[in-house]
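The structure appears right after this line, and notes come after that.
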Amino acid sequence: KNIKKDLKMISKISKNINVFSPEISEMYDSKLETENFDFQNLDNELEGKYRNNHFKGVGTIVNKLFNLFKPNKAFFGEKDLQQLQIIKYISKQLQIPIEIIGVPTKREESGLAMSSRNKLLSEKNLQKATLIYQTLQFIEENSQHFIKVRWKMW
């Protein structure tokens, strides 16, 4: 959403990176219509449940970019796992010869994903989100211990 900031960050990595930053009119016709995909209900659960037609828009843009650039590989963050799975699904459905690769989530010091959306959280909600992440981490790290203890109790 902030192309100047993004370009500045990219230039720190390399001066030899080409950036494609089209206007909306270059990617959509004047009606802003999305393609009609059959996601087999992948789009109706989790985040899709609350963002009607969001994944149709994602699919439309990703499909246009794949057709425009014809890459052998495309990399998408695992932070948006549902989106990653939908992109894998439509690339198979449309028989696009491309390898979709999930990229591990980069995290802040707090453990939260580096995300422009997280920057919109209030301090209170940021603390809550951090606690949720830490709780999930604790459960993941200790789940085998809990299973063993429970098994011994039986």
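Quick notes on this one:
- Here is how the number arises for the chain: DSSP H runs of 4 or more residues each give -39500 (n - 2.57), the sum is divided by the residue count, and the result at 222 nm is -16000 deg cm²/dmol.
- The chain: DSSP helices with Cα axial extent of at least 27 Å and average Kyte-Doolittle hydropathy no lower than -1.0: 123-153
- Cα-Cα over 31 Å, subset of Lys8/Lys70; Lys92/Lys119; Lys15/Lys128: Lys92/Lys119; Lys15/Lys128
- Segment 23-141 - Kirkwood radius from inverse mean 1/r over Cα pairs (Å): 16.3 Å
- For Thr105, residues with placed amide H under 5 Å, excluding near neighbours: Glu78, Lys79
- The listed peptides 79-92, 37-50, ordered by packing as a protection proxy, come out as 79-92, 37-50 (highest mean of other Cβ atoms within 10 Å first).
- Chain lengthening between Arg117 and Arg51 when straightened (0.36 nm per residue, less Cα-Cα): 22.3 nm
- Selected from Ile87, Thr135, Ser25, residue furthest toward positive end of dipole (the chain; charges at beta carbon): Thr135
- Protein accessible area in segment 1-75, 1.4 Å probe - carbon and sulfur %: 51 percent
- Per residue, the solvent-accessible area of the chain (1.4 Å probe, heavy atoms of protein chains only, all protein chains present) comes to 81 Å².
The values are calculated or read from the model by the stated rules, or taken from the named source; none is laboratory data. Because the structure is a prediction, the values reported are computed rather than measured. In this analysis, Cβ positions are derived from the backbone assuming ideal geometry, glycine residues included, and neighbour counts consider all displayed protein chains. Surface areas here come from the heavy atoms of the whole protein model, side chains and all, with no ligands, DNA or RNA. Shrake-Rupley method; radii C 1.70, N 1.55, O 1.52, S 1.80 Å.
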